[in-house]
1. For the stretch 292-315, what are the residues that are at pLDDT 85 or above and assigned to a helix (DSSP H, G or I)?
2. Condition test on LEU37, is it part of a helix (DSSP H, G or I), in contact (Cβ under 8 Å) with a residue 12 or more places away in the chain, more than 27 Å from MET250 (Cβ to Cβ) and not acidic (Asp, Glu)?
3. (1) assigned to a helix (DSSP H, G or I); (2) within 30 Å of LEU268 (Cα to Cα): which one isn't true of ALA103, the others all being true?
4. Look through the stretch 323-335, keep the residues that are under 18 Å from the mean Cα position of the chain (by Cα) and under 16 Å from LEU210 (Cβ atoms), and return whichever of them is surrounded by the most Cβ atoms within 10 Å (Cβ to Cβ).
5. Here is a list: SER121, SER130. Which entry is under 22 Å from HIS330 (Cα atoms), polar (S, T, N, Q) and assigned to a helix (DSSP H, G or I)?
6. State all residues of the stretch 138-173 that are hydroxyl-bearing (Ser, Thr, Tyr) and either out of contact with any helix residue (DSSP H, G or I) (no Cβ under 9 Å at 6 or more places or on another chain) or in a loop (DSSP other than H, G, I, E, B) (or both); if no residue qualifies, say none.
7. Quick one: is GLY135 among the small types (Gly, Ala, Ser), touching a residue at least 24 places away in the same chain (Cβ under 8 Å), surrounded by fewer than 22 Cβ atoms within 10 Å (Cβ to Cβ) and part of a helix (DSSP H, G or I)?
8. Would you say ARG176 is modelled with pLDDT under 80, of a type in the set (Lys, Arg), more than 22 Å from GLY280 (Cα to Cα) and part of a loop (DSSP other than H, G, I, E, B)?
Amino acid sequence: MVAALCTAFLISQFYRASIGVLGPTFMAEMGLSASMLGMLGGVYFIVFAAAQVPCGVLLDQYGPRLVNTVLLMLAAAGAVIFATAREPAMLTLGRGIIGLGCATCFMGSLVVFSRWFPPRSFPLMAAIASGIGGGGALIATTPLAIAAEWLGWRGTFFLISAITAVVAALVWMLVRNAPPGEPFHVGPRETFVSAFAGIGKVVANRQLRLLIPLNTVSYGSIMVVLALWGAPYLRDVHSLSTIGAANILMAMALSAMAGGLLYAWLALRVGSIKTLVLAGSSSTTIIFVFLAILPQSNHHLLLMLLSLQGLVGSYPVLIVSHVRMLVPKHLVGRGLTFSN
């Protein structure tokens, strides 16, 4: 069950980061300007964000098993549209559908973990899912660049679409929403009116609202590099080839995978999520300053800084764990998606 959920999140992270390496290809083949490339990358996040609160209601009402399965099949369809696109509008449509299809891959996993594992284990399970999911961002670097050279980017996305459909089937077959006897199974189901009213209870939580700006900036600081502007930045500013840029982004993705597990380990020993989040956010800011003043010829230092950025910038897994502690179990889907 855990493997199926983590694999689904891996697929989601691949889609999210796939524009980073292929951005220059789209600009050359489709004639995209920088602003159009930004829209292509951003539409995933726009649709993804817009879907969060409604999806939170669905997760609490129907469970991650059904919701994740249906949405993953939608993502597979979006990948087919993306692969067959001949103009920027269809590329954007396909990527938007993919964003909707991936909207619950991580949050749905966390809802399942909150029901199957004790609260003390939640940060570790979230870190494991985040670490394995980070493999998707890893695959979207050098492996994607190589696959695009062998199969073409269209053939690669057809292949990923088929894999997504298989993962959707595995989620349906292997995932169970909650253990037997859990309130999800035995309690009365909320009406849609009361379900959406539950969002008001989540929004009224002041501690949760205070976390949202930090959660937005923290994850964005990693994904803006891995998922969109990393490859163009490395190519145009530091004169790296597509494979060279992908290699550096792969190192960053590997570091991010390790970082989530490191933060979960530290949280168990330090005991203060707040201290770790402040340390991670401060370090991330300092690294961005160094990147802004980095000499163009120093590729080794560039590799070190971006790898370190991936490691220290993985603290959002702690924010998610804190959010889980702030909401009751019957609102966990709505709480997690609202903060996300």
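1. LEU302, LEU303, MET304, LEU305, LEU306, SER307, LEU308, GLN309, GLY310, LEU311, VAL312
2. Details: part of a helix (DSSP H, G or I): yes; in contact (Cβ under 8 Å) with a residue 12 or more places away in the chain: yes; more than 27 Å from MET250 (Cβ to Cβ): no; not acidic (Asp, Glu): yes.
When the stated conditions are applied, LEU37 does not pass them.
3. Going through (1) assigned to a helix (DSSP H, G or I); (2) within 30 Å of LEU268 (Cα to Cα) one by one, ALA103 breaks only (1).
4. We begin by selecting, within the stretch 323-335, every residue under 18 Å from the mean Cα position of the chain (by Cα); these are 323-324, 333-335.
From what's left, under 16 Å from LEU210 (Cβ atoms): 323-324, 335.
On the way: VAL323: 24, ARG324: 21, GLY335: 30.
Only one residue fits best here, namely GLY335.
5. Details: SER130 fails: under 22 Å from HIS330 (Cα atoms).
Criteria check complete, one pass: SER121.
6. The first filter runs over the stretch 138-173 and keeps only residues hydroxyl-bearing (Ser, Thr, Tyr), leaving 141-142, 156, 161, 164.
Once the filter is applied, which keeps residues that are hydroxyl-bearing (Ser, Thr, Tyr) and either out of contact with any helix residue (DSSP H, G or I) (no Cβ under 9 Å at 6 or more places or on another chain) or in a loop (DSSP other than H, G, I, E, B) (or both), the stretch 138-173 yields only THR141.
7. Working: among the small types (Gly, Ala, Ser): yes; touching a residue at least 24 places away in the same chain (Cβ under 8 Å): yes; surrounded by fewer than 22 Cβ atoms within 10 Å (Cβ to Cβ): yes; part of a helix (DSSP H, G or I): yes.
Considered against the rule, which asks whether it is among the small types (Gly, Ala, Ser), touching a residue at least 24 places away in the same chain (Cβ under 8 Å), surrounded by fewer than 22 Cβ atoms within 10 Å (Cβ to Cβ) and part of a helix (DSSP H, G or I), GLY135 comes out as yes.
8. Details: modelled with pLDDT under 80: no; of a type in the set (Lys, Arg): yes; more than 22 Å from GLY280 (Cα to Cα): yes; part of a loop (DSSP other than H, G, I, E, B): yes.
No, not satisfied.
The values are calculated or read from the model by the stated rules, or taken from the named source; none is laboratory data. Because the structure is a prediction, the values reported are computed rather than measured. Cβ: placed from backbone, ideal geometry, glycine included. Neighbour counts: every protein chain shown.
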